[in-house]
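The values are calculated or read from the model by the stated rules, or taken from the named source; none is laboratory data. What you see is a predicted model; the values in this text were computed from it and never measured. Here Cβ is always computed from backbone atoms with ideal geometry, including for glycine, and neighbour counts include all displayed protein chains. These area figures cover heavy atoms from the full protein model, side chains too; ligands, DNA and RNA do not enter into them. Shrake-Rupley method; radii C 1.70, N 1.55, O 1.52, S 1.80 Å.
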Amino acid sequence: MTKNAMLTLAAMLAAMPVEAREKAHLLILTNAIGAVESGMNYAAQGDSGKALGAWQVHVAAWITANQWRIKEGLPSISRKEWRVPDNQRNIAVAYVTWCRDRLVDDGIANPTPEQIYLAFTMGFAGAKAVGHSLVTAPKKKADAAERVGNIYRELIK
């Protein structure tokens with residue numbers, strides 16, 4: 001992203017009402033996660049075909065994302081339709097939002113992008129088992145979480 005594009009993004013974020021800014025930050029974080037997970041490759045299939053799409057979403061995360069969508073009055077999205085980029089993005093945004101909300105519900109008032117990523121990639125229980133900490137998370141997950149945080153912070157400067 002060019003410096004001018006980042007300045008434009010920063011100006012747009014600053015001008016937004018708080019609720020819209022929060023949603024924009026979640027979209028930016030979701031994109032940072034997709035960049036780290038697959039380089040935003042919508043055709044990606046990992047873990048022997050168990051992790052699908054740009055965000056490498058497993059079945060359990062897809063189900064959780066759909067549960068969140070239904071609770072929010074949004075339609076569920078069939079995993080059979082995973083190849084549709086908008087479906088992947090909608091599921092990823094729902095799951096990232098659920099991860100953030102779950103962290104807040106668990107007493108982390110302002111979860112960092114790294115903490116949200118750990119919950120995204122390890123599942124909430126897995127992230128909680130390591131104290132939502134990069135220090136105690138598996139090195140590969142901690143390194144990826146750092147990359148997500150760095151991309152996110154670069155984009156919101």
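Quick rundown of the values:
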{"item": "Unmet criterion (only one of (1) over 17 Å from the mean Cα position of the chain (by Cα); (2) open to solvent by less than 60 Å² (accessible area, probe 1.4 Å)) for L74", "result": "(2)"}
{"item": "Count - residues of region 120-155 that are within 23 Å of I91 (Cβ to Cβ) and of a type in the set (V, I, T)", "result": "3"}
{"item": "Selection status of R79, modelled with pLDDT of 95 or more and touching a helix residue (DSSP H, G or I) at 6+ places or on another chain (Cβ under 7 Å)", "result": "yes"}
{"item": "Every pair of residues 6+ apart whose Cβ atoms lie under 7 Å, when the first sits in region 74-94 and is among the hydroxyl-bearing types (S, T, Y) while the second is at pLDDT 95 or above", "result": "S76/N66; S76/R69; S76/I70"}
{"item": "Breaking point among (1) surrounded by fewer than 17 Cβ atoms within 10 Å (Cβ to Cβ); (2) outside any helix (DSSP H, G or I), for K140", "result": "(2)"}
{"item": "Residue check for I63: more than 22 Å from E146 (Cβ to Cβ) and aliphatic (A, V, I, L, M)", "result": "yes"}
{"item": "Count - residues of region 11-51 that are among the hydrophobic types (A, V, I, L, M, F, W, C) and either modelled with pLDDT of 95 or more or open to solvent by less than 30 Å² (accessible area, probe 1.4 Å) (or both)", "result": "13"}
{"item": "Breaking point among (1) more than 16 Å from the chain's Cα centre (by Cα); (2) crowded, with 21+ Cβ neighbours inside 10 Å, for E81", "result": "(2)"}
{"item": "Residue that is in contact (Cβ under 8 Å) with a residue 24 or more places away in the chain, over 18 Å from E37 (Cα atoms) and among the hydrophobic types (A, V, I, L, M, F, W, C), where the choices are I151, I116, I108", "result": "I108"}
